[in-house]
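Asker: Attaching a single structure in structure tokens format; questions to follow.
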Amino acid sequence: MGEVWAAVSPDETHQVAIKVLLARAAVKPDLVRRFEREAKIASAIKSDYVCQLIDVGRAEDGSHLLVFEHLSGESLAERLKREQYLPLSEVGPIIDDVLQGLAAAHAANVIHRDLKPGNIFLEYLGLPERRERAKILDFGISKLTRREKEEPTLTAFDATLGSFAYMAPEQVRGAARADERADIYAVGAVAFRALSGRLPFEGSTAAVLVSLKLDRSAPSLHEATGEKWPAGIERFLERALDRRREQRFASAEEALSAWRAIQPAILTRATRVQARSAIDEMSSVAAFPADPQTVVDEQNTRMSFTNEARFSQPPVEAPQPAGLAP
């Protein structure tokens with residue numbers, strides 16, 4: 001639906017990231033409204049753990065633009081493609097940041113609905129006390145839990161929006177059913193993937209994956225890796241990934257408190273490297289698939305698209321869009 005490019009401001013004082021609605025999407029009224037909705041939602045969320053919207057405008061050719069702060073670093077998906085899995089000591093702060101960002105979004109009555117490693121950016125800070133910070137990206141298919149009376153919903157009740165691999169079971173049945181607890185499920189799936197190097201459910205096709213999600217409970221880290229994990233981590237993931245949303249954490253704040261409570265029990269990667277070194281040497285990139293595409297399934301038409309935030313590209317000169325502040 002959109003592409004994100006690195007650019008410089010008209011006065012050349014700072015870098016920005018400009019999201020452009022693709023021409024093929026701009027001819028679809030529903031996608032234009034969704035793009036405009038993203039601007040409204042992004043401007044409503046104020047958090048150090050959510051990528052901040054700076055401005056909204058149009059390019060000289062009429063293209064719709066959203067201007068975001070420029071971030072230096074890499075997505076969690078890029079890191080997992082390179083590292084395959086991460087130590088608990090590294091995953092801990094990432095999930096903490098993500099839950100803080102979700103708490104801010106939920107407080108603004110926004111459900112993300114597409115949280116995955118590709119939509120979590122690891123911003124390089126380079127500070128002595130903190131090397132990086134995780135920020136949530138892309139509210140393109142997010143949902144407002146409170147709408148103005150005259151504002152119609154953009155999601156049919158039986159439409160499927162999101163990424164199957166990280167999607168809660170109730171969201172598979174229809175994105176309109178998703179509430180805050182669907183985002184909690186996605187956080188659990190992201191943590192599971194980052195820690196174990198694999199997804200809670202893996203299927204050769206979307207149909208198999210969906211069937212597993214609907215019919216089975218998520219495995220434990222021990223079952224997925226054959227290794228012993230801290231009981232607190234296992235309990236957290238079991239609750240976050242529960243098929244029954246009423247059994248999950250009721251809010252991002254509750255999940256954050258539970259996550260922080262188990263951090264003293266976190267181990268370091270050193271205890272796991274030797275046990276997995278032989279496996280890692282034989283593993284190929286293909287064994288750890290790229291972040292799945294976002295699914296848009298409305299009015300019996302399924303389209304897949306990837307909103308890839310290429311924030312690490314070198315800055316390029318961009319024409320000054322009409323209506324953008326310097």
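Asker: Based on the Cβ-Cβ distance of Arg173 and Glu3, what FRET efficiency does E = 1/(1 + (r/R0)^6) give at R0 = 35 Å, to the nearest 0.05?
Answerer: Here the calculated transfer efficiency is 0.70.
Asker: Neighbour counts of other C-beta atoms within 10 Å: give me Ser220, Ser63 arranged from fewest to most. If you can, show how the numbers build up before the last one.
Answerer: Numbers: Ser220 18, Ser63 15.
Listed from fewest to most nearby Cβ atoms, that is Ser63, Ser220.
Asker: At what distance in nm do the modelled label points of Gln52 and Ser89 sit from each other, each positioned 7 Å from its Cα along Cα→Cβ?
Answerer: Distance between label points: 3.2 nm.
Asker: Arranged by the count of other C-beta atoms within 10 angstrom, fewest first, what order do Tyr185, Tyr124 take?
Answerer: Values: Tyr185 27, Tyr124 14.
Lowest count first: Tyr124, Tyr185.
Asker: Which of Lys135/Lys213; Lys40/Lys213; Lys46/Lys228 have a Cα-Cα distance over 29 Å? Display every interim value, and only then the final one.
Answerer: On the way: Lys135/Lys213 27 Å; Lys40/Lys213 32 Å; Lys46/Lys228 39 Å.
Table pairs above 29 Å Cα-Cα are Lys40/Lys213; Lys46/Lys228.
Asker: Follow-up question, since we're still on this one. In the neighborhood of Arg131, defined by Cβ-to-Cβ distances under 12 Å, what is the net charge if each Lys or Arg adds +1 and each Asp or Glu adds -1? All intermediate terms of the calculation are to be shown ahead of the outcome.
Answerer: Values: positive: Arg130, Arg133; negative: Glu90, Glu123, Glu129, Glu132.
Within the 12 Å Cβ shell, the charges total -2.
Asker: Could I ask something else about it? Taking a virtual spin label 7 Å from the Cα of Arg260 along the C-beta vector, which residues in the range 92-109 bring their backbone nitrogen under 20 Å of it?
Answerer: Under cut-off, by backbone N: 92-108.
Asker: Under a plain spin-label model, where a point goes 7 Å from the Cα along Cα-to-Cβ, how far apart in nm are Lys28 and Ala107?
Answerer: With each label placed 7 Å out from Cα toward Cβ, I get 3.4 nm.
Asker: Stretch Ala44-Arg235 to full length: gain in nm at 0.36 nm per residue minus the Cα-Cα span? Walk me through the intermediate numbers first.
Answerer: Details: separation 191, 0.36 × 191 = 68.76 nm, distance 3.32 nm.
The Ala44-Arg235 span can extend by a further 65.4 nm.
Asker: Give me the extension gain from Ala206 to Asp61: residue separation times 0.36 nm, minus the current Cα-Cα distance, reported in nm with one decimal. Write out the running numbers ahead of the final one.
Answerer: Working: separation 145, 0.36 × 145 = 52.20 nm, distance 3.81 nm.
Result: 48.4 nm gained on full extension.
Asker: Residue by residue through the range 81-89, which ³J(HN,Hα) values in whole Hz follow from phi under the Karplus form 6.51 cos²θ - 1.76 cosθ + 1.60 (θ = phi - 60°), with glycine and proline marked x?
Answerer: Result, ordered by residue: 5, 7, 8, 6, 8, 10, x, 4, 5 Hz.
Asker: Given H placed on each backbone N at 1.01 Å, which residues far from Val8 in sequence or on other chains put an amide H within less than 5 Å of it?
Answerer: Val16, Val316, Ala318
Read-outs throughout are calculated quantities, based only on the coordinates presented, and are distinct from any laboratory measurement. All figures in this text were calculated on a predicted structure; none of them were measured in a lab. A quick note on method: Cβ atoms are made from the backbone with ideal geometry, for glycine too, and the neighbour counts reach across all protein chains shown.
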